[in-house]
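Nothing in this text is a laboratory measurement; each read-out follows from the coordinates by a stated rule. All values reported here derive from a predicted model rather than from experimental measurement. Neighbour counts run over all protein chains shown; Cβ positions are idealised from the backbone, glycine included.
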Amino acid sequence: MDKGQKSLPRLPVPDLEATLERYLRSVKPLLSDEEYQHTEKAVREFGKPGGQGELLQRRLLARAATSTTSWLHEWWNEYAYFAYRDSITFYVNYFFGFRDDPRHPSQLQRAAGLVKAIMEFRQDVVSRQLEPDCARDVPFCTSQYNYMFNSCRFPASPEDHAESYDYETNNHLAVARKGQFYIFDTVRPDGTQLTADDIMSQLSSIIALADQSDDPAFGILTTTDRDRWAENRKMIIEAHPSNKETLHKLETAMFLLSLEDYSPSTAEEFARSCWHGTGKNRYYDKCFQILVFSNGMAGFNGEHSRMDGTVTARMCHFAVEKSTSQPLPKMTGSIYKTSEKLTLYFSIQSAPKILEAIEFAEQKFEDEIEAHEVGVLEYDGYGKGLIKRFKMSPDAYVQMAIQLAYYKMFGVCRATYESAATRKFAYGRTETCRTVSADSVEWVKAMCDSSRSATEKARASSESSIEGRGVDRHLLGLRFLVEPDEPKPEIFLDTSYEKTSHWHLSTSQISDDLFDQYGWGEVVPDGFGLAYMIRERSLHFNCAGLVNMQPKKFLKLIEEALLETRELCTQCFDLSPTVKKNGIQAKEIPKKIVNEEQSVGNHLTINARPEAVQS
């Protein structure tokens, strides 16, 4: 697991002039002429020789030279996650929905099989035997695996923090059922692990205990805004001397298994169940939660502050693949007696303010659910197999279909975020790919204009985000280095800076044939959280947003855009008889596409970018 870790290159500090030029190119199609002129003036002033930009760049280079992790690492954790004050349930955490086990196991069988498989993965992490992720024989940073197990986020004001706990002394699993929490050791006193049969028996015992309980479901408190949850957590600890230790058992557990008492039946119900569920049977601060429903369907919900999706997707892929290839667990007839008491009892019945807080959280949670719409598009018209025949990057192709759909719906192109992994660098996380470009705007307008041939250049952003040469993280670092007594550069005061990083579309791709769902919530009120998976013969989209944004309508327009783009490309590449559209012969096509395929564990994640082309 640590092989090659010390030899990984550090996250580079991009060249200042190059970043500023890329920034101007990325904002131009999003601004009016007047706005762009103002922005260009601010950027030129910032980047002039001897200007404030050069001063901040020198400070950033100095920080990078002395950092033991990366120049961005601590800033990113604080800025993107710990300083965030709203609910992490709806606006930070993300989810996967697993492919069904074809044997149709019971809830207990599915849960025991997944837990056992994850224990094996954890053992590889603990022993440092896990092979590093890599792409084209280039190893990726493995630091995020250090936070995968026995970790928890903690609410605090003005910002949260996270803690990780010793693997050797914390081998207990936390289980949620009907809003109550339970734990049991997964390792016997002789050091051997429980079998899947043993785990199933323990879970059966927990369900029996939960059915007898009617205590308040305090986990709902983790769904509120962070300041409110910090206050309520403090109240819980002060309510009874035992509550602090009880919380500690939950927070130090390997991870949380949520045994839900209902069964999603549709794709949208499954997505919602993995994203937020009822809120009562979860603990959203835990490093991750494995969710198993009454009908045996299962999924994952991840706390995002110290781990990204490429890492947890590998673990989930292993768990699903391993559990479905092993014999189904069976009841052993006798429950293995662990050294730990099963029930985590919180003494809060005599604390009316906590009970009031739970009631408030439940109502707030219901309000959030009603305010949101979730759509799922399982498009089986074609997939990356056909797209590659068009000699196009599958990811770039899908991004252009997304842009076309957005333009159809709103009549304008807006700031779009696509996540790109920078894990080829030590402590690398992600960088922003700014998808909208002058060429992409020109293309979507042409596709919507029946008087023109819709075959002009179509490409996504050409920024080298994966190589650590993106725009957004670099500008963030420069902004953080402005001293309190120094004037803030006009580039950061310019309204265009905020406008062009107001992510109306927050997109990302993780493609895994063992996942049926993948998604998260919108990052701005007037935006969409759009996740997609690209498969050989199909495309999958999850879209979440506020009801007034109409995510389901947006997905229908994506489907329409995919049909239109296929028709256009089929004409261009002679995959079917040539057809003239509006009397105009399709001729112009993108000449060159660069594909960057990243092998992440046992599944493939594709981050693809087309190069600039010359017609």
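Magnitude of the charge dipole for region 95-372, about its Cα centre and with charges confined to Cβ atoms of Lys, Arg (+1) and Asp, Glu (-1), is about 580 debye. Each residue in F300, F293 was given a count of other beta-carbon atoms within 10 angstrom of its own, and listing them fewest first yields F293, F300. The HN-Hα couplings worked out from phi for region 4-19 by the Karplus form 6.51 cos²θ - 1.76 cosθ + 1.60 (θ = phi - 60°) are x, 4, 6, 8, 5, x, 6, 4, x, 8, x, 5, 4, 4, 5, 4 Hz, whole numbers, x standing for Gly and Pro. Residues whose amide H falls under 5 Å from that of S258, counting only those 5 or more places apart or on a different chain, are A176, I290, L291, V292, with hydrogens built in the peptide plane.
Under the Kirkwood approximation for Rh and a Cα-based Rg, what ratio Rg/Rh is obtained for region 95-372? Let's see the in-between values first.
Numbers: Rg = 18.2 Å, Rh = 19.2 Å.
Expressed as Rg/Rh, it is 0.95.
Pairs from the list K3/K322; K178/K286; K249/K322; K286/K322; K28/K445; K234/K286 with a Cα-Cα gap above 19 Å: K3/K322; K249/K322; K286/K322.
Based on alpha carbons, the Rg and Dmax found for region 1-102 are 19.7, 65 Å. Exposure proxy shown here: for T252, T507, T68, the number of other Cβ atoms within 10 Å sets the order, fewest to most, as T68, T252, T507.
In degrees, nearest 10, range 0 to 90: what is the angle between the Cα axis of helix 551-572 and the longest Cα principal axis of the chain? Tilt of helix 551-572: around 50 degrees. Here, region 200-291 is characterised by an Rg to Rh ratio of 0.98, where Rg is the alpha-carbon radius of gyration and Rh the Kirkwood radius. Only beta bridges with both residues in the chain are counted; by DSSP, about 75 percent of them are antiparallel.
When the helix-only estimate is applied to the chain (DSSP H runs of n ≥ 4, each -39,500 (n - 2.57), divided by the residue count), what is the mean residue ellipticity at 222 nm, nearest 500 deg cm²/dmol?
-11500 deg cm²/dmol, from helical runs alone.
The ranking of V292, V138 from fewest to most other beta carbons within 10 Å of each one's beta carbon is V138, V292.
Look at the dipole of the chain built from charges on Cβ: of W503, M254, Q399, the Cα furthest out on the positive end belongs to Q399.
Summing Cβ point charges (Lys, Arg +1; Asp, Glu -1) relative to the Cα centre of the chain gives a dipole of roughly 1480 debye.
For region 142-177, the list of GluC sites (Glu not before Pro) that fall in a loop by DSSP and count at most 16 other C-beta atoms within 10 angstrom reads E159, E168.
One way to sum up the overall shape of the chain is the equivalent ellipsoid from its Cα gyration tensor, whose semi-axes run 42, 29, 23 Å, largest first.
At most 12 other Cβ atoms within 10 Å and a DSSP loop assignment: could you name the trypsin sites (Lys or Arg not before Pro) in region 110-168 that fit? Sparse-neighbourhood loop trypsin sites (Lys or Arg not before Pro): R128, R136.
For region 1-51, the list of trypsin sites (Lys or Arg not before Pro) that fall in a loop by DSSP and count at most 16 other C-beta atoms within 10 angstrom reads K3, K6.
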